[in-house]
1. Scan the range 68-89 and give yes if some residue there is touching a residue at least 24 places away in the same chain (Cβ under 8 Å), out of contact with any strand residue (DSSP E or B) (no Cβ under 7 Å at 6 or more places or on another chain) and within 30 Å of residue 150 (Cβ to Cβ), otherwise no.
2. Hey, among the residues in the range 152-173 that are at pLDDT below 95 and surrounded by fewer than 11 Cβ atoms within 10 Å (Cβ to Cβ), which one's nearest to residue 51 (Cα to Cα)?
3. How about the range 1-10: which of its residues are buried (at least 18 other Cβ atoms within 10 Å of the Cβ) and not aliphatic (A, V, I, L, M)?
4. Restricting the search to the range 11-26, which residues are open to solvent by less than 40 Å² (accessible area, probe 1.4 Å) and either of a type in the set (A, V, I, L, M, F, W, C) or touching a Phe, Trp or Tyr at 6+ places or on another chain (Cβ under 8 Å) (or both)?
5. Among strands (runs of 3 or more DSSP E) lying entirely in the range 35-102, which contain 2 or more residues that are open to solvent by less than 50 Å² (accessible area, probe 1.4 Å) and within 14 Å of residue 115 (Cβ to Cβ)?
6. When you go through 132, 140 one by one, which is the residue that is under 27 Å from residue 84 (Cα atoms) and buried (at least 18 other Cβ atoms within 10 Å of the Cβ)?
Amino acid sequence: MPSDVEIVNAALVKIGEQAILSFADPSEPARLATRTFAELRDALLREAPWNFASKRAELAAEVTAPVWGFALSYPLPTDFLRLIEINNPGRYPFRIEQNRIITDLASPIQIRYVHRVTDADSMEAAFRDALAARLALEWAERLTGTTTMVQQLAMIYKRSLAVALAIDGQEDDQRQLDPEPSFITSRF
């Protein structure tokens, strides 16, 4: 069963550092992981609409409306990281401001979003590998005191992210293109 410590250790191996037993270790890598792991994990989660991190919610409007511009305000879930879509058949405009969706779309609204995944076992294996590469890239100079490894780690991160995105993309609906797009049929 994968854990955050195993992801950190995969990153440390890429740098050539010793593994840690826990985030509570007195070593510099453990202290660095404690300070930055969650932030870097969340940053990578925000980079794409990962299927394993997708979640659906129905939001009720707040009692207090926005001061101007829109009629309704909807508080975002506490684990929200990135909006994927709003079930918005009327194509109402919306904005995200101060952890709220503001819009004229009637309550309740349905959204799909990327949520904060804190259980490493719930993460796709390729995502864990990309996260380890991202951690290694961010920590390499600090832990080794040199920049020579940074370019190599940047290439490793780019490659592992591409693999993770490709695997994730294969889990989406592979709909065929409409043989007669609406812009063609609308003229007849």
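The values are calculated or read from the model by the stated rules, or taken from the named source; none is laboratory data. Note that the structure is predicted; figures quoted are calculated from it, not measured. With ideal geometry, Cβ positions are generated from the backbone for all residues, glycine too; neighbour counts draw on all protein chains shown. These accessible areas exclude ligands, DNA and RNA; they are computed on the full protein's heavy atoms, side chains included. Shrake-Rupley method; radii C 1.70, N 1.55, O 1.52, S 1.80 Å.
1. Checked the range 68-89: no residue is touching a residue at least 24 places away in the same chain (Cβ under 8 Å), out of contact with any strand residue (DSSP E or B) (no Cβ under 7 Å at 6 or more places or on another chain) and within 30 Å of residue 150 (Cβ to Cβ).
2. 172
3. 4, 9
4. The answer is 11, 12, 15, 20.
5. 54-59, 80-86
6. Matching residue, one of 132, 140: 132.
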